[in-house]
Amino acid sequence: MTDHSFTNVVDLFTGEPIETSASRRFIRLSPELDGLEMLYSNSSSGSDLYSLKILCWGLKANGEVVGLVPWLNSIVACPDIKDPLDGRFEGYYDPGIEEIFHEPPIHKIVELETAAEYFEYESSKAEEVLQEIPDTIGTHGVFMDEQRENLTLTEVVSWRLYASGEIHGMLIDHDIVETTPVLPGDLCLYPAQEAKGFRYFFQHHIANKIKSEDPEALAAIAALVTSP
């Protein structure tokens with residue numbers, strides 16, 4: 001099996017391998033289709049834990065596999081969520097058997113490593129698309145106008161992995177739709193993170209509360225989008 005680690009870069013004094021940004025970039029994604037979740041806590045939760053559905057699992061160039069979730073204004077590796085105020089990763093969770101675990105499932109590791117070996121391809125163009133997977137958890141992008149008065153919620157169709165390792169949520173530009181349904185890879189899709197007015201990603205249960213004008217949800221989103 002191909003070794004994706006960057007072990008030829010070492011610290012001059014310790015002789016230990018040095019992690020580079022290139023070695024930490026994502027090279028392959030695998031959708032989470034069995035309902036596994038991420039558990040997290042924050043400074044106001046006490047002993048309570050909250051959960052978010054995992055979007056996918058990602059393989060980094062250094063061989064590490066992690067779960068990924070839409071988090072605030074980007075997609076984030078679950079173990080990297082460490083802010084006590086906004087959220088802190090507490091583990092992965094299988095709601096079917098009510099089991100908490102801290103390492104990615106072995107079947108996902110095998111799937112990602114095997115796929116990366118099969119599709120192995122090095123690109124010199126950071127903007128080249130390596131892979132695109134459908135959104136399976138109902139993610140929405142939240143936009144706010146320049147006057148900070150109006151909110152717009154837009155469904156995310158897919159997630160596009162670029163050769164740079166960046167992952168962008170893709171939205172529909174309805175002005176240039178030619179055929180329906182719009183599928184991953186369609187030319188009418190554009191990246192949310194680069195769009196004017198984009199603020200955050202939310203999963204469907206929060207988005208639905210906002211759409212139904214739930215008072216608590218509206219108050220929470222108002223606090224988020226109006227913060228500097």
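Any idea how far the Cα center of the stretch 24-55 sits from the one of the stretch 61-93, in Å?
6 Å
What figure in square angstrom, to the nearest 10, would you give for the accessible area of GLU98 with a 1.4 Å probe?
140 Å²
What does the convex hull of the alpha-carbon atoms of the stretch 8-120 project to on average, in nm²?
Reported value for the Cα convex hull: 9.0 nm².
Of LYS125, LYS196, which has the most accessible area with a 1.4 Å probe, and how do the rest follow in descending order?
Accessible-area ranking of LYS125, LYS196, largest first: LYS196, LYS125.
Apply the Karplus parameterisation 6.51 cos²θ - 1.76 cosθ + 1.60, with θ equal to phi minus 60°, to every residue of the stretch 129-142 and state each ³J(HN,Hα) to the nearest whole Hz, in sequence, with x for glycine and proline.
With the stated coefficients, the stretch 129-142 comes to 7, 8, 6, 9, 10, x, 7, 10, 10, x, 5, 10, x, 10 Hz.
Could you give me the ³J(HN,Hα) list for the stretch 95-112, computed from phi with Karplus coefficients 6.51, -1.76, 1.60 and θ = phi - 60°, whole Hz, x at Gly and Pro?
With the stated coefficients, the stretch 95-112 comes to x, x, 10, 6, 10, 9, 9, 10, 10, x, x, 4, 5, 6, 4, 4, 4, 5 Hz.
With a 1.4 Å probe and every protein chain kept in, tell me what percent of the accessible surface of the stretch 8-120 is carbon plus sulfur.
On the way: 3230 of 6100 Å².
Of all accessible area on the stretch 8-120, carbon and sulfur atoms account for 53 percent.
Filter LYS53/LYS82; LYS60/LYS196; LYS108/LYS196; LYS60/LYS82 down to the pairs with a C-alpha to C-alpha distance above 27 Å, please.
Flagged as over cut-off: LYS60/LYS196; LYS108/LYS196.
The values are calculated or read from the model by the stated rules, or taken from the named source; none is laboratory data. Here the structure is a predicted model, which is why all the values come from computation and not from measurement. Accessible surface areas use protein heavy atoms only, side chains included; no ligands, DNA or RNA. Shrake-Rupley method; radii C 1.70, N 1.55, O 1.52, S 1.80 Å.
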